[in-house]
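For reference, the structure discussed in these notes is given below.
The values are calculated or read from the model by the stated rules, or taken from the named source; none is laboratory data. Quick caveat, the model's predicted, so the values are computed rather than measured. Every residue, glycine among them, receives a Cβ derived from its backbone with ideal geometry; neighbour counts consider all protein chains shown.
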């Protein structure tokens, strides 16, 4: 699994949280993971079988991507 994008949520309830998108299509689960992390103790993740689901979820967050 590789991290393909990183960013910071800039507005809303999760403002300041880090965002990581991981590609696991060739891994054990397939699909994509979306991780949101506030600290080492606070965070959560989503799993998506297809990229379309990932993109639909990202619409809920305004992210400043670090490229």
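Output the qualifying pairs, or none if there are none: Cβ atoms under 6 angstrom, residues six or more apart or on different chains, first residue in segment 12-41 and more than 21 Å from residue 65 (Cα to Cα), second residue part of a loop (DSSP other than H, G, I, E, B).
27/1
Out of everything in segment 2-39 that is within 21 Å of residue 52 (Cα to Cα) and not in a strand (DSSP E or B), what residue ends up being modelled with the highest pLDDT?
So the residue we want is 31.
Out of the residues in segment 42-56 that are in contact (Cβ under 8 Å) with a residue 12 or more places away in the chain and loosely packed, with under 13 Cβ neighbours inside 10 Å, which is nearest to residue 7 (Cα to Cα)?
Among those residues, the one meeting the criterion is 45.
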